[in-house]
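This report refers to the structure that appears directly beneath it.
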Amino acid sequence: MRVRSPLSFCILFLVTLTFVVGCVNPAIYIKTTTETETASSVSAGSVRLGFSAWPGWFPWQVAQQQGIFQANTVPVDLKWFDGYLESISTLTAGQIDANSQTLGDTVNSVSGGADQVIVLVNDNSTGNDKVIVSEAINSIADLKGKKVAAEEGTVDHFLLLLGLKKAGLSPQDIQFIPLETGKAAAAFVAGQVDATAVFAPFTTQALKRSGSKELFSSKDFTGAISDHLVFTRKFVDEHPDRVQALVDSWFATLEYMEANPEKSYEIMAQRAGVSVDEYKQYADGTRIFTIEENLTAFQPGNDLTSLQFAAQEMSKFLREVGLASNNPDISRLFDDRFVKAYAEKFKKS
């Protein structure tokens, strides 16, 4: 979906910013749950936080299991979603207070009337979104006429389209098989399709097919896929102290993970449904943002390193492809006061 001329490269690079992945993890296949099973065990005034299968969001599991939420005096009702898209709709419906989701999906939700706020950058994808192919496919051009599975409308679908465009192919040149990500990976392993576009940890499953290999990945579009902590505006307005406590918990979790890498890998690998060694392979494919990188990302700018610029370009793209009928109001989408407050506390400590 991208050509390599200087101008069109910049424009088409924005496509991957618009959507991200989500689906059922067949290795664990747990229905949408809280980490506390019963309503009576959920603390009054807790933050209902959603997350799903993505390496940049598994640290929330570390925070839960290691008591980091409690240490920051914020009760959290942590909800795991098998399907990423379900987590988005649940936040939009106000059934949770916050969710882990991409910039593109958040802009898309706002264009549909949702009132949401991005308060934190979790990460950028730098290779954990992949197009994986069978042994017989050695180039993007070889995808012509082949069956390719991906979850329609997600970043991996668009990553696939970007690769096709780069090779001079159109979406019509392949047999596109729309399957949710976990099922797409399973279909590929079963030999039912020739290629699949999936994200970690489903990449691990897909690569178990004999002779399979990575054709291209999000590392070819570094910085294009950003992931965030997103709240409803109602919750931010009514409970800024809890939002701050959750942001503080995130950075405290990163500190814990740096000091206790093996224990952290163990927790995250278990949540991902893969071995610790397999999970470690995801490390280079997801860039977790530091506090300094967070502060920079929230600043105005004229390239994709600025969230404000990226959101504006995504809004244009959504309209151009017919996914949004109007121009979403992104003037209040970003609220950096919480990362700024943490930065100030961090300096003093």
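Readers should treat all values here as calculations from the given coordinates under stated rules, not as data from a laboratory. Computed from a predicted structure; not experimentally measured. Please note: Cβ atoms are built from the backbone with ideal geometry, for glycine as well, and neighbour counts cover all protein chains shown.
The lysines whose alpha-carbon is closer than 30 Å to the alpha-carbon of Lys280, local same-chain residues fewer than 8 away aside, are Lys31, Lys79, Lys130, Lys183, Lys208, Lys213, Lys219, Lys263.
In this simple spin-label model, placing a label point 7 Å from the Cα along the Cα-to-Cβ direction at both Lys208 and Arg332 gives a separation of 4.8 nm. Placing pseudo-labels 7 Å out from each Cα toward the beta carbon at Gln175 and Asn302 gives an inter-label distance of 4.9 nm. Run down the aspartates and glutamates and flag those whose C-alpha is under 13 Å from the C-alpha of Lys340, throwing out any fewer than 8 positions away in its chain. The reachable aspartates and glutamates, counting only those whose Cα sits under 13 Å from Lys340, are Asp248, Glu292, Glu293. Only aspartates and glutamates eight or more places from Lys147 in sequence, or on another chain, were considered; those with a Cα closer than 13 Å are Asp173, Asp194.
Does the range 199-349 classify as rounded, prolate or oblate by the C-alpha gyration tensor (a ≥ b ≥ c root eigenvalues; a/c under 1.5 gives rounded; else a/b over b/c gives prolate, otherwise oblate)? Oblate, since a/c reaches 1.5 and b/c is not below a/b.
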